[in-house]
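Scroll down for the structure; my scribbles are underneath it.
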Amino acid sequence: MKLSKKVLAAFSMAAALAMAVSFTSCGEEDADDENGMISGSNNNYKLLYDNSASEDTSRGYVPTTGNHAGALVQITLNKEGTSGSGAAMGYIWDLQSTDASASAEEVTRAVSAKPRNFCIVGFANFSGTVKAYVSRYTNVYDIQAKNFGTDGITVNGATQTAGEEEYIKSSDDKKLTAADGSYVMTVNVYEETTGEGESKTTTGGYVVDIYNGVVEKAHLASAEKLATTTIPAADLGYDTAKKVTQKQGGVYANVYAKSKASGTWKYADTYKADKVIEE
């Protein structure tokens, strides 16, 4: 059975990544990025989509190759090729299923019969202002549902509601500044540590640093941060004695109604876990 299009009802710009609608999970025929908004592989991905004739927001998600424990990612919404309200763009990491029996495909595909948890960092158009955000979502069955299903979606005849914990939200007012009309965000996601020198150890949590513009790895220490936050191990559900595991990730975008969008994701680096746990 073919899943209905992930071009969903238009939403208020003030609602960030939008609210949720109902769908019926139809299994293996459901497609990631059904409208073909995102292309690419390995370290480089591209967003290109014309949604100007639609009253609905189009959503796309593509899992990226390999497991990692964070990454340095440059996310760009280009001036050329973007019109209207543009798009929300984000980087997903720590993507995992809460069901131990879930296969790798069930974890990473957009629609799954097995619930997933993940973190996301990115930017969105909040009432005409582009701002950064960081959230963690739990119990997600459809990564392309409005706000990942936090208002409830129907899965095999039952209502499933995703949970959201916000770490950087629209009210924090972390505004991106356009350079020549394009918005560029550099995000650095890495394991939280405690102690110094030989006593330094990971806590099981993540640190998320956000920069306005392109920041290369060699300049991270001296660059000014737009925002920073920590997602603690307790929120991730990890045993702090085991530390962070390496999990799947992905790229995600909304192209708003009556809008066009052109953008890119560049993985400047990916990180291995300090201690890799076989699960």
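The values are calculated or read from the model by the stated rules, or taken from the named source; none is laboratory data. Because the structure is a prediction, the values reported are computed rather than measured. Because the Cβ atoms are built from the backbone with ideal geometry, glycine has one as well, and the counts that use them run over all protein chains shown. To get the accessible areas, we keep the full protein, side chains included, count just its heavy atoms, and leave off ligands, DNA and RNA. Shrake-Rupley method; radii C 1.70, N 1.55, O 1.52, S 1.80 Å.
Close amide H contacts of Asp56 (hydrogens built in the peptide plane, cut-off under 5 Å, sequence separation of 5 or more or a different chain): Lys258. Each residue, Ala178 and Thr228, gets one label point 7 Å from its Cα in the Cβ direction; the gap between the two is 3.0 nm.
Taking amide H atoms as placed 1.01 Å from N in the peptide plane, the amide H of Gln246 lies under 5 Å from those of Ile277, each 5 or more residues away in sequence or on another chain.
Using a probe of 1.4 angstrom and keeping all protein chains present, the accessible surface of the range 135-227 works out to 47 square angstrom per residue.
Derived scalar couplings between HN and Hα for the range 44-60 equal 9, 9, 10, 9, 8, 7, 9, 10, 5, 8, 10, 8, 10, 7, 9, 10, x Hz in order, rounded to whole Hz, by the Karplus curve 6.51 cos²θ - 1.76 cosθ + 1.60 (θ = phi - 60°), x for Gly and Pro.
Coupling constants for the range 93-102 follow from the phi torsions by the Karplus curve (6.51 cos²θ - 1.76 cosθ + 1.60, θ = phi - 60°), and in residue order they are 9, 6, 7, 8, 9, 7, 9, 4, 7, 5 Hz; glycine and proline get x. Extension gain for Asn43 to Thr65 (0.36 nm times residue separation, less C-alpha to C-alpha distance): 7.1 nm.
Take the Cα of Ser52, step 7 Å toward its Cβ, do the same at Asn139, and the gap between the two points is 4.2 nm.
Note that the range 223-230 has calculated 3J(HN,Hα) couplings of 6, 7, 7, 6, 6, 8, 8, 10 Hz, one per residue in order, obtained from phi through the Karplus relation 6.51 cos²θ - 1.76 cosθ + 1.60 (θ = phi - 60°); glycine and proline are x.
How much length is gained on full extension from Ser103 to Ala268, taking 0.36 nm per residue of separation minus their Cα-Cα distance? Can you show the working numbers first?
On the way: separation 165, 0.36 × 165 = 59.40 nm, distance 2.83 nm.
Working it through step by step, the gained length comes to 56.6 nm.
Calculate the FRET efficiency for Thr159 and Glu80 from the Cβ-Cβ distance with a Förster distance of 41 Å, rounded to the nearest 0.05. After rounding to 0.05, the efficiency reads 0.45. Packing-based ranking of 173-185, 155-167 yields 173-185, 155-167, ordered from highest to lowest mean Cβ neighbour count within 10 Å.
Take every pair of alpha-carbon atoms less than 8 Å apart whose residues are at least six positions apart; their mean separation over the length of the range 162-272 yields a relative contact order of 22 percent. The fraction of all Cα pairs in the range 143-218 landing in successive 5 Å bins from 0 to the largest distance is 3, 11, 12, 14, 16, 15, 12, 9, 5, 2, 0, given as whole percents.
Carbon and sulfur: what percent of the range 54-122's accessible surface (1.4 Å probe)? Percent of accessible area from carbon and sulfur atoms in the range 54-122: 46. From the cross-link list Lys114/Lys272; Lys79/Lys175; Lys46/Lys131; Lys200/Lys266, which pairs have alpha carbons spaced over 24 Å apart? Correct reply: Lys114/Lys272; Lys200/Lys266.
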